Amino acid sequence: MINASWSPRAFVLLCTALARPRALGGLREAEWNDLVPAARSAGVLARLARLLEREGVFHELPVRVANHLAGAVRAADANQRIILWELDRVERALRDCAVRPIALKGAGYALAGLTAAEGRVFSDLDLLVPRQDLEEVERLLAAGGWRSRDLDDYDQRYYRAWMHEIPPLRHRVREVEVDIHHNLLPLTGRVALDAGLLHTSARPSASRRTLVLAPPDMVLHSAAHLFFGGEFERGLRDLSDVHLLLGEFARTEPDFWMDLVDRSMQLGLARPLLYALRFCVRLFGTPVPDEVLVSLGTRGPNALARVAMDWAVPLALLPDTSDERWMRKGLARRLLWSRSHWLRMPPGMLAYHFARKSWKRLAAPRGEQGGEPADAGIAQRIGRVNRD
Amino acid sequence: MSVLYADYPVASEGSFADFRVRLKPPRSHRRWWQPQVLFEVDGAVIFEPFPREAALPLFEWGLNWCIAKRSHQFLMLHSAVVEKDGKAILMPALPGSGKSTLCAALVNRGWRLLSDEFGLVDPGSGMLVPAPRPIPLKNQSIDVIRRFAPDATLGPSFPKTRKGTVAHMRAPADSVRRMDERATPRRIVFPRYEAEAHLSLEPLPKDLAFLRLANNSFNYQLLGADGFRTVERIVRHCEVHQLTYSDLDEAIARFDDLAR
């Protein structure tokens, strides 16, 4: 388990909470004071609530703490309802074609009825379709009212030629972002993943049309997303997804660990899997069999990379609720983000991509660079999906 | 802030806080030059910076944001709530209703303030949960309340905010003391201020009240079926009125009738 002398208290508490929710029964109010904001900022407050319910200890919580958890569960439930409704609409738009999309990440966990879906907040709807069907799917969705933001030629080409997804779509009367993928990893990256294999092993789900990834593929996608994607702001939630998936599949799937290792070699994802497993063991004490780690160890990173990752990953996962180590955390996140881009594109292309992005940022008029508008009229903005 | 929050108990060390907020200077030259202030909750800054002298309105809006974004254990109506003799009245906020002015006037005449902004309904019991805080008065309302209740404590005026000039009225000490005391909703009054108008109190059809209340909620959609059930329950148990007024004393007399 995580070394308590090294990490901020809230982080240690949060990891313990996600690994062993039962241990929270006797927590003091002062500890909840650290835990609730940390869990909220990591996007796992509702998940924590569901885990506590599952363990039958929710009723032992102080009332005011339980209120916050209950509020977070309400918001997460609404979020899932909205995303799954969007999926329903997409299925309807595709009803006359033979394509069977695969729901990825959160929506996939929900359709597969997994613990990892309970209380999970989905930021968007991610679907995987075979590359040869992409054109038809796009055409049908466009006819059904989904649009992408206006993009310039470079951005279009960025998505079309290099990425593993088309530009994000949004229905004209709804808020949910729909991301249509044809692969799990960018086409320009170091690992060329055969997406056909994913479709062949996909399994039926609670939906009649939409499929879900096979259990090993689900874990591998989650691991690859975290360790190739490079965005660690929601990293702790994503790692906790892996922890929950592993725990459930180890119980329900015969030969799960062996299949997982074999599949990771076949898809070229042994490295991100090894990272995901090692950090799950380290932060959550996930019971990963030793022989799994040993057999993946031969595909592991060199000593320098390992030391760098061991330093950077736990720092990057720290919640944003405290000022502790903010500089090192920022540095670690930047390092991991750079690493992911390094893995995503060849160096020449990367240099051009950054030069272009920096130029656009300089040329953009002030105030277009995001950030929450200073809007005091809260009523209009709330009542919608709460991604908080 | 020490004036407006003088009557509130201070939390003891180690007790659970609903929101961890901080007003802090930016990490830039604006810390010193034309200084600004940021509102931070749980380590994240929300809203654009405010000029430092407007820290108080920023704090109040920030706290509203916290409640509105994070209290989905309640059905949150955008409404003032006052109570007398155990009878709570909801005053939903529609544009131009003069809700804050009327609410400030009522709590200076013996009504208890539950909230000027949030009608927090517990879906389980249907009870209203108080969240008494300073009442923000805007523009002409500031002088209206100064004249109407010379004893009320008002904070400084902040000109040129998004909503014009804002000054906050301190919540009555008794309302603050009873902040854990829930109340049963008995009446819904949709107020409308109309200069020179004669006072009128008309009953309002319940289906219309339902729609107005639901549309005016911060999280009706989010709560799904429970949102529907909770609004339905309130509307079924409450008498619903439309109040048109121009004179505060007349309006309050009519409210006192409603509490009988």
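We did not get these values from a lab; they are worked out from the coordinates using the rules stated. Remember, predicted model here, so these are calculated numbers, not experimental data. Neighbour counts run over all protein chains shown; Cβ positions are idealised from the backbone, glycine included.
Rg/Rh for segment B:112-251 (Cα atoms only, Rh after Kirkwood) is 0.99. P(r) for chain B, from all Cα pairs and a bin width of 5 Å, is 1, 6, 13, 16, 19, 17, 13, 9, 4, 2, 1, 0 %, short bins first. Beyond 27 Å in Cα-Cα separation lie the following of the pairs B:Lys24/B:Lys160; B:Lys87/B:Lys206; B:Lys87/B:Lys163: B:Lys87/B:Lys163. Applying the criteria of a DSSP loop state and at most 10 other Cβ atoms within 10 Å to the GluC sites (Glu not before Pro) of segment B:161-250 yields B:Glu196. The simple spin-label model puts a point 7 Å past each Cα toward its Cβ; for A:Arg81 and A:Gln266 those points are separated by 4.0 nm.
Summing charges over all other residues whose Cβ lies under 12 Å from the Cβ of B:Glu232, with Lys and Arg as +1 and Asp and Glu as -1, gives +2.
FRET efficiency for the A:Ala161 to B:Glu53 pair, using the beta carbon distance and R₀ = 51 Å, is estimated at 0.45.
Given R0 = 25 Å, the distance between the Cβ atoms of B:Lys87 and B:Asp180 translates into a calculated FRET efficiency of 0.85.
With the convex hull of its Cα atoms as the shape, segment A:106-205 has an orientation-averaged projected area of 7.7 nm².
In plain terms, the chain from A:Cys97 to A:Asp320 could stretch by 75.8 nm, reckoned as 0.36 nm per residue minus the Cα-Cα distance. Less than 5 angstrom separates the built amide H of B:Val82 from those of B:Ile89, B:Met91, B:Leu114, all sequence-distant by 5 or more or on a different chain. Net charge within 14 Å of B:Leu258 by Cβ-Cβ distance, Lys/Arg positive one each and Asp/Glu negative one each, not counting B:Leu258 itself? Around B:Leu258, the charge tally is 0. Note on B:63-70: average number of Cβ atoms from other chains within 10 Å of each residue's Cβ is 4.
Extending 7 Å from Cα along the Cβ direction at A:Glu253 and again at B:Leu201 yields two label points whose distance is 6.7 nm. With θ taken as phi - 60° and the Karplus curve 6.51 cos²θ - 1.76 cosθ + 1.60 applied, the whole-hertz 3J(HN,Hα) list for segment A:37-43 is x, 5, 5, 5, 5, 7, x Hz, x standing for glycine and proline.
Translational diffusion coefficient of segment A:18-129 at 20 °C, 1.002 mPa s, Stokes-Einstein with Kirkwood Rh over Cα pairs, in µm²/s as a whole number.
140 µm²/s
Normalising the average separation of contacting C-alpha pairs (under 8 angstrom, six or more residues apart) by the number of residues puts the relative contact order of segment B:74-258 at 27 percent.
Across segment B:115-171, how large is the tail of the calculated P(r) beyond 15 Å, expressed as a percent of all Cα pairs?
So the pairs more than 15 Å apart make up 56 percent of the total in segment B:115-171.
For segment B:1-70, what does the convex hull of the Cα positions come to per residue, in cubic angstrom?
Dividing the Cα hull volume of segment B:1-70 by its residue count gives 113 Å³.
Cα-based radius of gyration for segment A:9-364, normalised by 2.2 N^0.38 Å, reads 1.00. Legend: calculated FRET efficiency, B:Ser246 to A:Val57, from the Cβ-Cβ distance at R0 = 60 Å, rounded to 0.05, equals 0.60. Taken over the Cα atoms of the protein assembly as shown, the convex hull encloses 180 Å³ per residue.
Placing unit charges on the Cβ atoms of the charged side chains and taking the dipole of segment A:9-364 about its Cα centre, the candidate lying farthest along the positive direction among A:Leu111, A:Gly330, A:Thr252 is A:Gly330. Taking the centroid of alpha carbons for each part, segment B:77-126 and segment A:252-292 are 56 Å apart.
Taking a sphere under 14 Å around the Cβ of A:Arg22 and counting the other residues whose Cβ falls inside, with K and R at +1 and D and E at -1, yields a net charge of 0.
When only the Cβ of Lys, Arg, Asp and Glu is charged (+1, +1, -1, -1), the dipole of the protein assembly as shown relative to its Cα centre reaches about 1060 debye.
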